[in-house]
Amino acid sequence: MTATGTYTPRPGAAPLPRMIGSQAALETKMLLRNGEQLLLTVVIPTLLLVLFSTVDIVDTGAGEAVDFLTPGILALAVVSTAFTGQAIATGFERRYGVLKRLASSPLPRWGLMTAKTLSVLVTEILQVILLTAIAFALGWNPHGGPAAVVLLLVLGTAAFSGLGLLMAGTLKAEATLAAANLVFLLLLVGGGVIVPLDKFPAGAQDVLALLPVSALSDGLRDVLQDGAGMPWGDLGILAVWAVVGLTAAGRFFRWE
């Protein structure tokens, strides 16, 4: 401000952390205001948790059903936000030219992807809080340490974010919409989320166990239901998927 009381213009980009923070806040608000996204990220996991915990539909083995289901539903929440929701939203942003315009702004491309990732993490935190509160109301009795749970969720988010961005950056928006929802349903059924993997044929179990959702749900189940320590095998599978997905997304993502 000058001595005469007028403001002196200061043209130029804002500091990078502020730009990323502002973009992340905008991405989060857009997601939370989208009814279809809320259905996918909040309503469906909540309904599945309540339904299968209170109605004897699927044989979840010994113990309370909610103890088996809650880790799987938490894994499903990561899939719905980091993969399905992000893939669909980013795919249509790419189609409508939003990404092309944002890429020409002072915010670098990696900064935009960072903001999207932060938005996913914020949404997942809200999901975990909600689902955990519902699970406790249903009689959930968790075990294990929080460090293993956080590490599993972070690696799971990285893995599914990479796969979601890869899909959004290589397929047309309509194809992304169909494929992301189809994959979500397939992972829900065959990823150990609700139906235990030991209910599948022996040959299929070995293949399904290598899926990122199976590693995430089984790892969370080992810690939260069985009180196990750090599930290194499941963490290793998630780490491989994270590296492959993020690397491929960075290599093949098309902004136009």
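Out of curiosity, is Leu47 in a helix (DSSP H, G or I) and in contact with a helix residue (DSSP H, G or I) (Cβ under 7 Å, 6 or more places away or on another chain)?
no
Report whether or not Ala65 is at pLDDT 90 or above, surrounded by 11 or more Cβ atoms within 10 Å (Cβ to Cβ), within 26 Å of Leu171 (Cα to Cα) and not hydroxyl-bearing (Ser, Thr, Tyr).
No; evaluated as a whole, the condition is false for this residue.
Against the conditions (1) touching a Lys or Arg at 6+ places or on another chain (Cβ under 7 Å); (2) within 28 Å of Arg18 (Cβ to Cβ); (3) surrounded by 17 or more Cβ atoms within 10 Å (Cβ to Cβ), where does Gly85 fall short? Just the number, please.
Among (1) touching a Lys or Arg at 6+ places or on another chain (Cβ under 7 Å); (2) within 28 Å of Arg18 (Cβ to Cβ); (3) surrounded by 17 or more Cβ atoms within 10 Å (Cβ to Cβ), Gly85 violates only (1).
Only one of these is closer than 23 Å to Ala209 by Cβ, open to solvent by 10 Å² or more (accessible area, probe 1.4 Å) and not in a helix (DSSP H, G or I): Val149, Val195. Name it.
From the options Val149, Val195, the qualifying one is Val195.
Looking at Ala103, Ala75, Ala82, can you tell me which residue is aliphatic (A, V, I, L, M) and out of contact with any Phe, Trp or Tyr (no Cβ under 8 Å at 6 or more places or on another chain)?
Exactly one residue qualifies, and that residue is Ala75.
Name the one entry in Thr28, Thr90, Thr8 that is out of contact with any strand residue (DSSP E or B) (no Cβ under 6 Å at 6 or more places or on another chain), closer than 26 Å to Ile134 by Cβ and either surrounded by 11 or more Cβ atoms within 10 Å (Cβ to Cβ) or without any contact (Cβ under 8 Å) to a residue 24 or more places away in the chain (or both).
Thr28
The values are calculated or read from the model by the stated rules, or taken from the named source; none is laboratory data. In this text, all values refer to a predicted model and were calculated from it rather than measured experimentally. Cβ: placed from backbone, ideal geometry, glycine included. Neighbour counts: every protein chain shown. Just the protein is used for accessible areas: all its heavy atoms, side chains included, with ligands, DNA and RNA removed. Shrake-Rupley method; radii C 1.70, N 1.55, O 1.52, S 1.80 Å.
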